[in-house]
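Please treat every number below as a calculation from the coordinates, not as lab data. Only a predicted model underlies this, so the values are computations on that prediction, with no experimental measurement involved. Don't worry about glycine lacking a Cβ; one is built from the backbone with ideal geometry, like all the others, and counts go over all protein chains shown.
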Amino acid sequence: MSTDLVLDGLVRRFGGAAVLDGVDLTVPAGGVVALLGPSGTGKSTVLRLVAGLDTPDAGRVRAGGRDLTGLAPERRGTALVGQRPRLFPHLSVLDNVAFPLAVAGRRRRAARAEAAGHLDLVGLADLAGRRPATLSGGQEQRVALARALAAAPAVLLLDEPFSALDPGVREGMHRLLADLRGAVSPTVLLVTHDRQEAAAVADTVAVLLDGRIAQAAPAGELHTRPASLAVSRFLGGVNEVPGAVERGAHVSALGRLALPCASPDGPGVLVVRQEAVALTGPADGDATGTVTRVTPRGARWRVEVTTPAGPLSAETGPGRTPAPGDAVGLVLPPDQRWVVPQATG
Amino acid sequence: MTRAAPAWRRAAVAPRVALALAWLAVPLVPLLLWAAADRWPFPAVLPTDWGLTGWRQAAGQGAGGALGRSVLLGLAVAALATPAGAMAGRALALHRVPARRLVEALLLAPVAVPPFAVVMGLTTLTLRAGVPGTVALVLVLSVSALPYTVFVMRSAYAGYDVGFEEEARTLGAGPRAVLLRVHLPLAAPALATAAFLAFLVGWSDYVVTLVVGGGQLVTLPMLVGALSSATGNDAVVAAVSLTAVVPPLLLLAATALLARRGAR
C-alpha cells in the first residue's frame, strides 16, 4: 500500500511573491519525513499542493511513479490530518471513521466493521458511538488519524496535527504514530515547527528556509552537520567561529583546530553544538575565556563565555555550574567540529 | 442558600413565559371565539349561540382548496428562493464577488421597494411576454423572498468552515458526495430557517397574488380578503384565518427542532 512521494521543483506564488521557490523532496515508501521550518514559510502550502487543495505555479507531485499534479484531491490517495481535527459533527465517531469507506461505495455494514478496526488501531474502540463534540482534543486527533488511515492513503499528510495538544498528550501521539508505522507502515509527510517533534517522529527532517529545502537529513546529522549557517541557526546552534580551512584544520582566533573530516581549503565558519561543548579548567581546553552569563534551561544551564574568537556557549547538565566572572576553558570535541560556508550577502 | 437562588429564578420564569404566551395568544382569542360562534350580537361579552357554522361556510367557500393552493405556493417559493439564496449567500460569504456592493444591493432591493409599486408594471410585462399568471406569481414572490434567504444563508456561511469540505475531498469524496454528506448536513439548520422564511413570503402574500396572479389563483389570504370585505361574515373569516395560522406554527416548531438537532 505504501508508495514513495516525490516533489519536484514546486513553486507557489501568492500575489507575486514566491512562497515556495523550487521545493524538491523525496519521501521513501513507508518512510516518515518531517518538514520543519519557521512559521509562515509555506510548510502547510506544501501539504496543500500535495493534497491537491492548491495548484502549484510550477513543478510536479508524484507518488509511486504516478503524476498527481493535475488530479482532483479525491483521486490522489493523500489523506490529510490538520491541526484542527475537523471531525464531521453530524456523524458519530464510528461513522466519521467509516466516511472514506462509505464514499468509496462500501456497504454501510462493511464500512462500519472496517472502521471499527481502525478505531481499535488508535485505541478508541469504546468511543465508537459518541458524538465528536464529546471528545477531548487528544481523542479527536486520534479519531482524525483513524479516519485518514481508513482511506488507505498512498501518502498520509500531517499538518501540525499535535501542536494544539498538551505536552503529555503529544508524546502519547508520537508513540501512537510509531505504533501505527509498525502496523500499517504508511508513507508520511509531517509538517511541524517543533524540532523535538520532528526528531522524535521522523527518519528524515527537511528544513524549509526561504521557500526551498535547505537540507534534508536525519535529525542528529542535521544538528551536528548543518549544510549552512542558516540551518545551524534555525536549529538553535549558537557557536560560530569565523576563520578559514587550511590543510584539514580550521584556523581562527582560537588557533589551529583539527577537523574530523576533509573540508576544502578557504574561508569557513566553524560550528560546534553548544550541547557538545564541555567546560574545563582555564589552563586546559581549546579556548579559554571569562563567563559572562549563566541562564537556566530546564534541567540544564547555558554558560556564555567571552573568548578571543567572540562569545561561545556551552550547555551543562545539573551539577557544578561556574558563576559569571569565572575563568574557564572550553573543550570543542574534535568529532563535533563542523565547518559551513560563510553567510553570503 | 445555594438552592434558594435557582428556585427563586424558576419561580420568576413562569410569569415571564405567561406574558410571552399572552403576547402571542391574546390576539387569537377573539378569533377562536368567533370561529366557534353561530351568533354573537354586539353588546354580549361572549357568543350567544355556539356552533360550527363558520367552519361549514368556510368549507363551502372553498377554504380547503385555498389551503392546498397556499401550501403549494409557499412550497414553490421556498423551493426556488432557498437554493438561490444559499448559492448567493455562499458566494458572498466565501468567495470574491465582483462588484460585491452592487450585487448585495440588488439582492436586498426587494425588501426596500414596496411590492405594489413594482407589480403593476410587472403585470403588463408578463402579460405581453405571454408568461402564465401563476408562473409569473411564483417567480415574483421568489425574488421577494430572496433577501431573507440570502441574508440567513450569508450569515450561516460566514461561520462555516470550508476545511470540512476539503477534509472530505482528501478522504476520497467527490464533489457530489461532499455536497450530500458534508455540505448539506452542516448547512441544514440554516437552510430550514431560510426555507421557512421563503415559505412565509408565499404563504402570506396578498398584493402580488391579486395583481400578477390576476385572481386566477385563490389562496387563503385572497379568500380572507374577499370574505372580510363583506359584512356578517365574521365567523367564516375567523375560521379561515385560524386555518391560515396553523401551518406556519407547525413549520416554525419543525424548524426549531431541526436547528436544535444541528446545534447538539
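Kindly provide log₁₀ I(q)/I(0) values, in the same order as q = 0.07, 0.09, 0.12, 0.17 Å⁻¹, from the Debye equation applied to equal alpha-carbon scatterers of chain B.
-0.37, -0.59, -0.92, -1.27
Considering only B:L220, B:L24, B:L67, give the residue with the highest GNM mean-square fluctuation for chain B, with springs between Cα atoms whenever their separation is below 10 Å.
Highest fluctuation among the options: B:L24.
Dipole of segment A:214-345, Cα-centred, from +1 at each Lys and Arg C-beta and -1 at each Asp and Glu C-beta, to the nearest 20 debye?
Numbers: 11 positive and 11 negative charges, 51 e Å.
For segment A:214-345, the charge dipole is close to 240 debye.
Could you derive backbone 3J(HN,Hα) for segment A:252-262 from the dihedral phi with the Karplus parameters 6.51, -1.76 and 1.60 (θ = phi - 60°), listing whole Hz in sequence and x where the residue is Gly or Pro?
Those phi angles translate into 7, 4, 7, x, 9, 10, 5, 9, x, 10, 5 Hz.
Name the residue from A:V271, A:L53, A:A216 whose Cα lies farthest towards the positive end of the charge dipole of chain A, charges +1 on Cβ of Lys and Arg and -1 on Cβ of Asp and Glu.
About the Cα centre, the residue reaching furthest to the positive side is A:L53.
May I ask for the net charge around A:G255, where only other residues with Cβ less than 15 Å from the Cβ of A:G255 are counted and Lys, Arg are +1 while Asp, Glu are -1?
Value of the local net charge: 0.
Could you give the radius of gyration (one decimal) and Dmax (whole number) of the Cα atoms in the protein assembly as shown, in Å?
Here Rg and the maximum Cα pair distance are 36.4, 122 Å.
Helix by helix through chain B, keep the DSSP H runs that span 27 Å or more along the axis on Cα and average at least -0.5 on Kyte-Doolittle, and give those back in order. The partial results should precede the final answer.
Working: long enough: B:4-25 (32 Å, 0.88); B:63-94 (45 Å, 1.32); B:133-158 (37 Å, 1.52); B:184-204 (29 Å, 1.69); B:234-263 (43 Å, 1.52).
Helices meeting the criterion: B:4-25, B:63-94, B:133-158, B:184-204, B:234-263.
Within 10 Å of each candidate Cβ there may be at most 12 other Cβ atoms; applying that plus a DSSP loop requirement, which trypsin sites (Lys or Arg not before Pro) in segment A:81-183 survive? Walk me through the numbers before you get to the answer.
On the way: sites: A:R86, A:R106, A:R107, A:R108, A:R109, A:R112, A:R130, A:R142, A:R147, A:R170, A:R175, A:R181; in loops: A:R86, A:R106, A:R107, A:R130.
Those satisfying the criteria are A:R107.
Counting Lys +1, Arg +1, Asp -1, Glu -1, what net charge surrounds A:R76 among other residues with beta carbon under 10 Å of its beta carbon?
Counting the neighbours of A:R76, the net charge comes to +2.
Only Lys, Arg, Asp and Glu count, each charged at its Cβ (+1, +1, -1, -1), so figure out the dipole size of segment A:140-215 about its Cα centre, rounded to 20 debye.
Values: 7 positive and 10 negative charges, 41 e Å.
Here the size comes out at about 200 debye.
Of A:G138, B:A235, B:A84, which is farthest on the positive side of the dipole of the protein assembly as shown, counting Cα position, with +1 on Lys and Arg Cβ, -1 on Asp and Glu Cβ, and the Cα centre as origin?
B:A235
Using alpha-carbon positions, what is the distance between the centroids of segment B:17-73 and segment B:226-249, in Å?
Here the answer is 6 Å between Cα centres.
Assigning unit charges at the beta carbon (Lys, Arg +1; Asp, Glu -1) and nothing else, what dipole magnitude in debye, to the nearest 20, does the protein assembly as shown show about its Cα centre? Write out the running numbers ahead of the final one.
Working: 55 positive and 42 negative charges, 331 e Å.
In total the dipole reaches around 1580 debye.
Summing +1 for each Lys or Arg and -1 for each Asp or Glu, what net charge is found among the other residues whose Cβ lies under 13 Å from the Cβ of A:H223?
Numbers: positive: A:R195, A:R225, A:R233, A:R273; negative: A:E221, A:E275, A:E315.
Here the count lands on +1.
So for the protein assembly as shown, taking the charge dipole from beta-carbon charges (+1 Lys/Arg, -1 Asp/Glu), which of B:A112, B:T48, A:A113 sits furthest toward the positive end?
The residue sitting farthest along the positive end of the dipole is B:T48.
Please work out the C-alpha center-to-center distance from segment B:154-169 to segment A:144-197 and express it in whole Å.
24
Report the residue, chosen from B:A192, B:A244, B:A105, that carries the largest GNM mean-square fluctuation when chain B is represented by alpha-carbon nodes joined by springs under 10 Å.
For chain B, modelled as a Gaussian network with Cα springs under 10 Å, the answer is B:A105.
Amide H neighbours of A:R130 under 5 Å, counting only residues 5+ apart in sequence or on other chains, H built in-plane at 1.01 Å?
Here the answer is A:V93, A:L94, since their amide H atoms fall under 5 Å of that of A:R130.
Of the residues A:A58, A:A150, A:A17, which exhibits the maximal mean-square fluctuation in a Gaussian network model of chain A defined by a 10 Å Cα contact cut-off?
Fluctuation is largest for A:A17.
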